[in-house]
Every structure is written in C-alpha cells, then in structure tokens.
Amino acid sequence: LRNLHNTPYNKIGLNSNKLNAFFVARCAKNCTQNLKLLNAVLIIYIISQPHFCQGDKAKQLTPHQIATMPITIASYGPDVARAKKYVYLSGAAYCFDIPAWTCPYCEKAKSFGYEFDSLIVNKEANTLAFIAVNKELKEIVVSYRGTLNVANVVHDIHPSVVSIEAGSSALERGKKSKGPEIWVHTGMINATNSLYPEVVEKLGKVLKENEDFDVVVIGHSLGASAASLTLFLLKEGHGLPKDFPKPKSYAYFGYGTPRIGNQAYADYWNAQEMQITRVVNKADFAAYTPQALGGYVHNGNELWLGPNGEEKVCSKEVYEDLSCANSMAALSNVHDHLQYWDVHFLSCAGADPVATVGQFVIQLH
C-alpha cells in the first residue's frame, strides 16, 4: 500500500493563513456561532466543487454515462432493517465520552444488545472510531466518525479531489487479488490510515475473544469512506499479523458516503459476495462529491431515502441509478447530510458545545 503516510496539513494546498480563519472557534463569544462553523466549511466545500472538474476531457465520463453503464452487482443488499439499526451506532461516534455508553444513540444501540468495547483515536489527525460487540447476534461493529473538525475538513478537501490523475493514491491489492489498478481519494486514505493499525490491533483482540463473529464496518460522511477503505485493507490482508482471526463474514453500511475511488474500486466492491449497503438521504451533498467528472464513481447497492419518506432500493444494474439520489443533484445541500432517519449527527455536538469547540483547534506542523 503506497502513499499512506499522513500528509502535513500545511503542505496540501492550504496555507496557514487560510487555516487560521477557522480558529475563530477558540475565541467565539457564544456556542451557537461555533456550531455553525462546520456547516459553513461544508458549504464552502460544495461551492468550490465546480473548480475541481479539470483533467483530460477526452477521458471524462459524464454522470449520465457512468450511471447508465451496465454492470453486474454480486454483493448483497441494500438491507433496510439493518441500516436503520446501525445508524444509531454511526451517530454515537459523534458523541463525547463514548466509553461511558450513555449518550442518546449509545442507549439506543444498547437496546439492540450492543455494548462498548474499545475506542480508537488519532489525536494528531483528530480521527476516531470505536468497536461495539453484540454477544447475542455474534456481531462486532467498527464505527467511524465523520467530519467534526478542521483536521477532518483538510482530509475532505485534499487537492487530489481535482481528479484521479491529480494526486490520488494507488491501493495495492492482496497477493491473490487480480484486476485493474485501484486509485482512491488521498485525503480519505490518509484519514483511514491514521486509525488502521490500532483498528487491526483491537479488532484482532476482540475476534480472538469472540470466535466466529461477523464484523460490520460502518460510518457516516468521511467516516463512511474510512469504513469502506478499512474493509478493503482487511479483506486484502494489508498490515494483518499472521494470527489475525478470520471473522465469519464482513459487511459494510455507509451513510452519506462520498465517491471514494475510480471505476476499478467500485468494481471491486460490486464483485464482492457480501452485504453492502450505501444509504443516501435525499440530496445529501456528500453523495455527489468528489465529482464524477474527476474520475470518481460510486459502487452500487444504494438505498435512497427520498423526499417523501420513501425508502427506495435502487437499481443493481448500473453504478449510479439516475432515479435515486442523482435525480436530486441540483438540490445538493448540507442539511440532508446531517440527518438520517431520526439520527441528527451533530446533536451530541449541540449538547456539549464546549467539547465541540475544542474539536476545531488543530496544530499545524
């Protein structure tokens, strides 16, 4: 696996003067203003997207061409019932003091039989994940937090979003895996790599204590991309010790997942005989970024939460169904990104604004 080092934040195209603008959170006079910072940053991200459609036009495919390209999706899903359950574990990743397991979404997860096991944090990258175990269902869930701070935003808007050719990272397949070269968004793989070694260590320990358990990797936003990339690394055997236990099965559930990589990455997941569910709420902006014109494409198994409350299982014969989330691309917005069913991903942030403000302070190197 190449280019998995953490890129210094002051060397990826954003100078320190621009980043200093984010530090108003440290001295803001009231909590409400601080909580609006994340929305403002995400809106800036959306506005900036048209400028990231560069590259060789002869090689570009329009979203329509990608959406109507015929494929065969072997992976199972979407699974609506399980997606409605795991969304609480995804929401819990945004809460503070997760090990106490008393946040509203923690309590909801507990009602389904999940108990907290371990926390994985990278303070420098400000990324986070946790592991929960359900003994009755014989299930281990690894839940990744999404964008909550400036460090995460830097990962989100890494310059490689310009196009696949403009600096994304190549993912090496495992020794027995064959296929075309896979390229993925550099900021996303950097965020993944910031937690991966500790995830392997703690997940391996839990698997040794709970043999023949299923492993479900989930996340929202940047966390959804980290979950997908983590699962790729696990399945391909990257960085695994020789005695790493093999789970009964792997599964993926992502909420507001961005486009992560090129067509080869999408094909990899479309060919996996496993449970994959990619949930998109209405016109969630994350589903449209990075832009398809940059060479990025989703894998299939989309579950679309439509504007009238419908839960639509989208086509499994194309990469991106034009009648699902892509039908509302012109209405792309941040609000739809922040709530899935009854889970408000920033509700814990609003309940503890002091801790939230602290998330917006990072050290430049």
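The values are calculated or read from the model by the stated rules, or taken from the named source; none is laboratory data. Because the structure is a prediction, the values reported are computed rather than measured. For neighbour counting, all protein chains shown are included, and Cβ atoms are generated from backbone atoms with ideal geometry for every residue, glycine included. Accessible surface areas use protein heavy atoms only, side chains included; no ligands, DNA or RNA. Shrake-Rupley method; radii C 1.70, N 1.55, O 1.52, S 1.80 Å.
The table that follows gives values for the structure above.
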| quantity | calculated |
| --- | --- |
| Percent carbon-and-sulfur accessible area, segment 263-321, ignoring ligands, DNA and RNA, probe 1.4 Å | 44 percent |
| For segment 75-360, alpha-carbon Rg relative to the globular expectation (2.2 N^0.38 Å, N residues) | 0.92 |
| Ordering of 84-92, 305-313 by packing [mean C-beta count within 10 Å, highest first] | 84-92, 305-313 |
| Where segment 75-360 is the region considered: accessible area per residue in Å², 1.4 Å probe | 35 Å² |
| Taking N as its residue count, the alpha carbon Rg of segment 221-306 over 2.2 N^0.38 Å | 1.14 |
| Of LYS242/LYS316; LYS178/LYS316; LYS135/LYS202; LYS85/LYS312, pairs whose Cα-Cα distance is over 27 Å | LYS242/LYS316 |
| For segment 219-240 and segment 176-203, distance of Cα centres in Å | 6 Å |
| Dimensions (Å) - segment 175-215, Cα atoms, principal axes, largest first | 36, 25, 16 |
| Charge sum, other residues only, whose C-beta stays under 11 Å from ILE98's C-beta, Lys/Arg counted +1 and Asp/Glu -1 | -1 |
